[in-house]
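Since the structure comes first, as structure tokens, the remarks are kept for the end.
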Amino acid sequence: VVAVGELNPDLILGGLSGPPRLGREILAEHCTFTLGSSTALCTANLAALGLSVGIVGKVGQDAFGDFVVRCLDRRGIDASRVIRDAVVRTGITVSLAYPEDRAMLTFPGAMAQLAAAEVDREYLASARHLHISSLFLQRGLQPGCADLLRQVKAGGVTISLDPGWDPAETWDAGIADLYGFLDILFVNRVEAVALGKDADWRRAAERLARRVSVLVVKGGPDGAATIQDGRWD
């Protein structure tokens with residue numbers, strides 16, 4: 001599996017004494033600095049399952065970039081196609097964890113600068129499967145993504161996409177042009193509503209499922225469901 005996507009660390013703050021407010025300071029009971037980003041975490045989990053995994057992305061030539069690459073190497077992920085760019089800074093996500101949910105603040109940095117033209121097509125063609133995450137955060141990848149998927153698909157590689165949350169909440173970024181190349185589309189219930197344009201997440205998911213081979217709806221603690229050929233599993 002080769003994944004293309006964002007690379008950054010996460011700073012996770014938990015046990016917060018309240019919501020953040022301007023001009024005020026709140027305290028956290030615990031703090032974790034770890035590998036973050038949907039793409040990197042997906043590859044880490046696939047590698048833990050024993051798959052041969054590589055990743056394509058961009059980080060800066062800075063401490064955060066060094067940390068990300070070290071984390072990938074320790075997990076046995078091929079990071080040889082990770083671009084180190086001295087002009088940009090590696091992004092970071094600050095996650096505020098509350099019992100009911102979390103709030104995230106992201107500095108995109110290098111993740112928004114990876115362009116489709118920089119992606120090694122031969123490397124993608126060497127894989128059996130291509131996974132792309134966080135499309136809406138990858139502004140540089142969006143314009144050439146459809147052509148990239150078209151070329152990879154023509155070579156017999158299967159493709160999945162986990163687009164993630166759209167900070168702009170326009171839910172466009174050319175995603176409609178990608179559906180026809182996808183074997184699997186991953187969304188959570190909120191993303192299904194936004195992309196399927198229906199307030200009922202089940203109806204929205206069924207609309208989306210007509211455009212891809214397999215739709216996976218992530219439900220957090222409720223697990224996940226799939227729709228294939230109009231059938232829920």
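The values are calculated or read from the model by the stated rules, or taken from the named source; none is laboratory data. Predicted model only: the values in this text are computed from it and were never measured. Neighbour counts are summed over all protein chains in view; Cβ atoms, including those assigned to glycine, are modelled from backbone coordinates with ideal geometry. Just so you know, the surface numbers come from the protein's heavy atoms only, side chains and all, with ligands and any DNA or RNA stripped out. Shrake-Rupley method; radii C 1.70, N 1.55, O 1.52, S 1.80 Å.
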Under a Gaussian network model of the chain whose springs join Cα atoms within less than 10 Å, the largest fluctuation of GLY223, GLY109, GLY57 belongs to GLY223
With +1 at each Lys and Arg Cβ and -1 at each Asp and Glu Cβ, the charge dipole magnitude of the range 93-231 around its Cα centre, to the nearest 20 debye, comes out at 340
The farthest towards the positive end of the charge dipole of the range 122-233, of the residues TRP165, SER134, PHE181, given +1 on Cβ of Lys and Arg and -1 on Cβ of Asp and Glu, is PHE181
Of all DSSP beta bridges with both partners in the chain, the antiparallel percent, nearest 5, is 45
Relative contact order of the range 123-233 (C-alpha contacts under 8 Å, at least 6 apart) in percent is 20
Which residues qualify? For GLU6, with a placed amide H closer than 5 Å and at least 5 residues away or on another chain, they are THR39, SER133
Quick calc, the range 59-109, dipole around Cα centre from Cβ unit charges on Lys, Arg (+) and Asp, Glu (-), nearest 20 debye, gives 140
Expected field for GLU191, accessible surface area in Å² at 1.4 Å probe radius, rounded to 10, holds 10
Candidates for Rg/Rh (Cα atoms, Kirkwood Rh) are (i) 0.97; (ii) 1.00; (iii) 1.15, and the calculated one carries label (i)
The chain, Gaussian network, Cα under 10 Å: of ASP62, ASP198, ASP222, the residue fluctuating most is ASP222
Taking every other residue with Cβ under 11 Å from the Cβ of ALA209 and scoring Lys and Arg +1, Asp and Glu -1, one gets +4
Result for the chain: accessible area per residue, probe 1.4 angstrom, in square angstrom, of 51
Taking protein heavy atoms only, a 1.4 Å probe, and rounding to whole percent, the accessible area of the range 100-233 owed to carbon and sulfur comes out at 49
From most to least accessible, 1.4 Å probe, no ligand or DNA/RNA atoms counted, TYR98, TYR123 line up as TYR98, TYR123
Using a 1.4 Å probe on heavy atoms of the protein chains only, the accessible area for LEU49 in Å², nearest 10, reads 140
Rounded to whole angstroms and listed largest first, the alpha-carbon spread of the range 97-233 along its three principal axes comes to 41, 38, 24
Around ALA97 (Cβ within 15 Å, Cβ-to-Cβ, excluding ALA97; K/R +1, D/E -1) the net charge comes to -3
Taking protein heavy atoms only, a 1.4 Å probe, and rounding to whole percent, the accessible area of the range 1-60 owed to carbon and sulfur comes out at 57
Computed for the range 155-233: size of charge dipole around the Cα centre, +1 on C-beta of each Lys and Arg, -1 on C-beta of each Asp and Glu, debye to nearest 20, value 240
From highest to lowest solvent-accessible area (probe 1.4 Å; ligands, DNA and RNA excluded), CYS42, CYS71 read CYS42, CYS71
Which of GLU29, GLU118, GLU169 fluctuates most in a GNM of the chain (C-alpha springs under 10 Å)? That residue is GLU29
Of the residues CYS71, GLY23, GLY223, the Cα lying farthest along the dipole of the chain towards its positive end, which is defined by charges on the beta carbon of Lys, Arg, Asp and Glu, belongs to GLY223
From highest to lowest solvent-accessible area (probe 1.4 Å; ligands, DNA and RNA excluded), SER38, SER17 read SER17, SER38
